[in-house]
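Right, one structure below, let's go through it.
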Amino acid sequence: MNVLVLGSGGREHALAYKISQSKLLDRLFWTPGNGATEEIAENPHIELDDFESLVKFARENKIDLTVVGPEAPLVKGIADIFDENGLKIFGPFSRGAMIEGSKIFAKNLMKEAGIPTAEYRAFYDEKSAKTYLNEIKPPYVIKADGLAAGKGVVITEDKESAYKVLDDMFEKKIFGESGTRVVIEEFLAGEEATVLALFDGESIVPLISSQDHKPVFDNDRGPNTGGMGAIAPAPVVNDRVMQRVLERILLPLKNSFKEKNILYRGVVYAGLMIVDENPYVVEFNCRFGDPEAEAVLPLLESDILELLLLTAKGRLNESSLKWKNGYCCDVVLCSGGYPGKYEKGKEIHGLENLKNRDDVFVFHAGTKKVDGRLVTNGGRVLNIAALGDTLKSAIDKAYRYVDMVSFDGVHFRRDIGYRGLKHL
Ligand code: AMP
Ligand code: GLY
């Protein structure tokens, strides 16, 4: 098979790396890619919003499957266009991608389907939103309706700040038009976890659970980031919780897609709050999580390409999943200043002795090759993922390798997996 991977983060490196090991693979292409792309794939250097060139490339190179990493092209309808051109693609059509593209769509769907989630109201003007704030108790959870690159959610105890957020969204339009529709919802107190599940329209195949760490500093302090590290599986998602996720969330979601005539072939990301072993949906995404993918995929024993292909063909019922025993811990190394302003172009040292092998993985995110040197090229720069028989051994191993890598300004969390350890 010839395969094309779309994206440029650690998630896409993890996907491309696993695909590169598949027995089914002939040629692997990966665009726009990053500093690791040429190690395992050919890079046609096409941007993700250039659908016309992507379709042309897929046709001319006889691509059997295109695997979409990030949400933006899916929300914009890349799967629809590939399908119209007779090209197989892993990722939902734009109507299905709405579960991530519109919070209001997702919340309404959950309500109709009886999927547990925070109580909420949708607002289309600032005045009614502010009036509602006066009726409810803090913490206030305010969410822009559309895609906002992970910045569209504000949680605050303080009403003045909440008012200011609404001003920013409705008047200053900091998230554009899609931010002039907002959801205000109930605050849920519990432990967060992620369950990814493959959907093909008929069958659901849940992957092992995982847990991201969003705030930038240890002990979950500081502003939220795209994710500072992840573990898999997440101990808070025990068998009972997983069963509830399947019965209360994934099955009703599948039925709701059917009722709405939405053919969903790809992965569903269920971002959960677990409250006393009861899972509530905080958000749905239409793609793999990043960094969750970097912790989940190293544990996958089965051929990932076969799995992605069966999903895209609507034949998931023929799949069988095998996982390695033990745990994976993935630590994200970031540029100084991230998630605020940061500089690029810092040379990365220490990766020479660190090649991907059975139990340790380096997944590149914001990296770039310049004259043979590897330099930083984004906020989240590198992932180091390690497997261990126990969660503790996976964490210790990951940090042993993290400490071998350096670049000017590097920072990372020292406590990835701390909540998981408390359960064990
Ligand atoms: P979202 O983009 O909707 O996942 O929100 C980003 C983050 O805000 C989540 O990962 C949670 O940590 C937090 N969050 C969102 N909604 C809620 C809620 N209703 N209650 C508590 N925390 C929330
Ligand atoms: N790790 C959070 C996300 O992928 O949305």
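The values are calculated or read from the model by the stated rules, or taken from the named source; none is laboratory data. Everything numeric in this text was worked out from a predicted model, so none of it was measured. With ideal geometry, Cβ positions are generated from the backbone for all residues, glycine too; neighbour counts draw on all protein chains shown. When the accessible area is computed, the model is the full protein with side chains, heavy atoms only, and any ligands, DNA or RNA have been set aside. Shrake-Rupley method; radii C 1.70, N 1.55, O 1.52, S 1.80 Å.
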Check every one of the strands (runs of 3 or more DSSP E) wholly within region 129-218 and list those with 3 or more residues that are closer than 28 Å to Lys260 by Cα and open to solvent by less than 40 Å² (accessible area, probe 1.4 Å).
140-144, 182-185, 191-199
Would you be able to tell me the number of residues in region 52-76 that are within 22 Å of the chain's Cα centre (by Cα) and not acidic (Asp, Glu)?
11
Just to be sure I understand the filter: pairs with C-beta atoms under 8 Å, separated by 6 or more residues or on different chains, first member in region 173-195 and without any contact (Cβ under 8 Å) to a residue 40 or more places away in the chain, second member small (Gly, Ala, Ser) and away from ligand 2 (no atom under 16 Å from the Cβ). Which pairs pass?
Lys173/Gly179
If we scan region 22-31, do we find a residue that is open to solvent by 40 Å² or more (accessible area, probe 1.4 Å), out of contact with any Asp or Glu (no Cβ under 7 Å at 6 or more places or on another chain), among the hydrophobic types (A, V, I, L, M, F, W, C) and closer than 27 Å to Arg357 by Cβ?
no
Among the residues listed as Ala270, Ala295, Ala312, the single one being closer than 30 Å to Ser94 by Cα, in a helix (DSSP H, G or I) and in contact with a Phe, Trp or Tyr (Cβ under 7 Å, 6 or more places away or on another chain):
Ala312
Expected single match for in contact with a Lys or Arg (Cβ under 7 Å, 6 or more places away or on another chain) and either under 21 Å from Leu109 (Cα atoms) or open to solvent by less than 20 Å² (accessible area, probe 1.4 Å) (or both) among Ile304, Ile249 is Ile304
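Listed residues Phe217, Phe187, Phe175, Phe170; which is away from ligand 2 (no atom under 16 Å from the Cβ) and over 23 Å from the mean Cα position of the chain (by Cα)? I'd like the intermediate steps shown before the answer.
Numbers: Phe217 fails: over 23 Å from the mean Cα position of the chain (by Cα); Phe187 fails: over 23 Å from the mean Cα position of the chain (by Cα); Phe175 fails: over 23 Å from the mean Cα position of the chain (by Cα).
Matching residue, one of Phe217, Phe187, Phe175, Phe170: Phe170.
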Condition first: outside any loop (DSSP other than H, G, I, E, B), open to solvent by 10 Å² or more (accessible area, probe 1.4 Å) and in contact (Cβ under 8 Å) with a residue 60 or more places away in the chain. Now tell me which residues in region 394-417 satisfy that.
Ile395, Lys397, Tyr399, His411
Residue by residue through region 267-286, note down the ones that are under 15 Å from the mean Cα position of the chain (by Cα) and more than 10 Å from ligand 1 (Cβ to nearest atom).
Val267, Val268, Ala270, Cys286
Between residues in region 269-295 that are farther than 15 Å from Leu147 by Cα and touching a residue at least 60 places away in the same chain (Cβ under 8 Å) and residues that are among the charged types (D, E, K, R) and within 13 Å of ligand 1 (Cβ to nearest atom), which pairs lie under 6 Å by C-beta distance while being six or more apart or on different chains?
Gly271/Glu283; Met273/Glu192; Ile274/Glu191; Glu292/Asp212
Of (1) among the acidic types (Asp, Glu); (2) out of contact with any Gly (no Cβ under 9 Å at 6 or more places or on another chain); (3) under 17 Å from Arg419 (Cβ atoms), Asp212 satisfies every one except (2)
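From the list Tyr120, Tyr124, which residue is among the hydroxyl-bearing types (Ser, Thr, Tyr), touching a residue at least 40 places away in the same chain (Cβ under 8 Å) and either more than 13 Å from ligand 1 (Cβ to nearest atom) or touching a Pro at 6+ places or on another chain (Cβ under 6 Å) (or both)? Break it down into steps so the answer makes sense when it comes.
On the way: Tyr120 fails: either more than 13 Å from ligand 1 (Cβ to nearest atom) or touching a Pro at 6+ places or on another chain (Cβ under 6 Å) (or both).
The match here is Tyr124.
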Output the residues belonging to region 281-292 that are surrounded by 21 or more Cβ atoms within 10 Å (Cβ to Cβ) and either away from ligand 2 (no atom under 16 Å from the Cβ) or assigned to a strand (DSSP E or B) (or both).
Val281, Phe284, Asn285
For a quick check of your reading of the model, give me the residue pairs whose first member lies in region 322-346 and is closer than 21 Å to Ala295 by Cβ, whose second is among the polar types (S, T, N, Q) and at pLDDT below 95, with beta-carbon atoms closer than 9 Å and at least 6 apart or on different chains.
Val332/Thr225; Cys334/Thr225; Tyr338/Thr225; Pro339/Asn224; Pro339/Thr225
